[in-house]
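See structure below.
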Amino acid sequence: MVPQQPVGLLYAARHPGRAAPGSRVWRMSAQKPASWAYAEEFVTEDEVVEQARRRGEELGAVPVGNGAGVLLRLLAAAARARSVVEIGTGAGTSGLWLLQGMPEDGILTTIDVDTEHQGAARKAYAEAGIAHQRTRVIAGRALDVLPRMTDGAYDMVVVDADKREYPEYVDHAIRLLRSGGVLVLDNMLWHDKVADPAARDAETTVLRDLGKRLRDDERLVPALLPVGDGMFAAVKR
Ligand SMILES: C[S@@+](CC[C@H](N)C(=O)[O-])C[C@H]1O[C@@H](n2cnc3c(N)ncnc32)[C@H](O)[C@@H]1O
């Protein structure tokens with residue numbers, strides 16, 4: 001776990017449960033990891049999601065964690081998202097959470113370059129009893145597919161594919177979203193490396209720079225949430 005400010009961590013170690021002077025909000029008690037673990041598992045996945053997650057792990061299509069899935073479902077429900085684009089289908093874990101939060105006539109358009117992953121996702125949707133017309137599973141590289149999609153036509157875009165391509169996915173995502181639509185990016189704390197200034201590998205640098213760019217983008221109302229591997233969420237103004 002990497003501190004937001006070193007002074008905060010030092011102070012927290014000496015004064016558990018108290019904010020460091022001048023830090024406004026930073027608190028890091030010794031119990032924080034236990035609280036995070038509790039929150040991650042607070043709402044639990046159902047059996048179909050659990051199976052999809054297992055298949056994803058077997059196939060190497062790393063599924064979103066439980067807390068991240070719960071958050072996706074919440075955001076889809078809050079936005080009453082009828083049309084959702086997902087970049088990175090995997091074996092369908094995140095899609096199942098999204099579909100649970102979307103209205104019953106909502107359509108998930110999901111893109112993945114790997115047809116084996118998509119086969120597993122189709123199986124998961126069927127096991128969950130999702131009507132086949134509610135999912136559009138598109139095979140292809142995201143950057144080939146996204147330019148063909150319509151501006152302002154989507155309520156929510158979820159990004160979880162090639163980390164180095166995130167900046168380009170995001171440019172498309174902002175274009176695709178309607179005003180009031182929700183953008184979500186998974187892995188924005190990237191194995192706790194984004195908050196570590198010493199970590200300078202290509203993927204970490206791309207994600208760190210992108211997070212800061214989006215934080216300062218006046219078209220968005222942003223938040224970076226310490227859920228799972230870090231979820232960036234924003235509403236398009
Ligand atoms: C982390 S997994 C997605 C997991 C999924 N969101 C879930 O929770 O089950 C990333 C997925 O992105 C796909 N992917 C990687 N590069 C891609 C690209 N350029 N275009 C489309 N999909 C890509 C991989 O095949 C993989 O299935």
Averaging over all projection directions, find the projected area of the Cα convex hull of the range 41-236 and quote it in nm² with one decimal place.
-> 10.1 nm²
Let me have the 222 nm mean residue ellipticity of the chain computed from DSSP H runs of 4+ only, each contributing -39500 (n - 2.57), with the sum over all residues rounded to the nearest 500.
-> -12000 deg cm²/dmol
In the neighbourhood of Val227 defined by beta carbon distances under 10 Å, the net charge of the other residues (Lys, Arg +1; Asp, Glu -1) is -3
Fluctuation leader among Gly90, Gly119, Gly67 - the chain, Gaussian network, Cα springs under 10 angstrom = Gly119
Expressed as cubic angstrom per residue, what is the convex hull volume of the alpha carbon set of the range 95-167?
-> 102 Å³
Mind checking which of Val64, Val48, Val157 has the largest fluctuation in a GNM of the chain, springs on alpha carbons under 10 Å?
-> Val48
Spelling it out for Gly65: with amide H atoms placed in the peptide plane at 1.01 Å from N, the residues 5 or more places away or on another chain with amide H under 5 Å from its amide H are Asp229
Could you tell me which of the pairs Lys212/Lys236; Lys163/Lys236; Lys163/Lys212 are separated by over 19 angstrom between their Cα atoms in the structure shown?
-> Lys163/Lys236
Enter the Cα centre distance for the pair the range 161-232 and the range 114-153, rounded to the nearest angstrom.
-> 22 Å
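Read-outs throughout are calculated quantities, based only on the coordinates presented, and are distinct from any laboratory measurement. This structure is a prediction, so every number in the text was calculated from the model and none was measured. In this analysis, Cβ positions are derived from the backbone assuming ideal geometry, glycine residues included, and neighbour counts consider all displayed protein chains.
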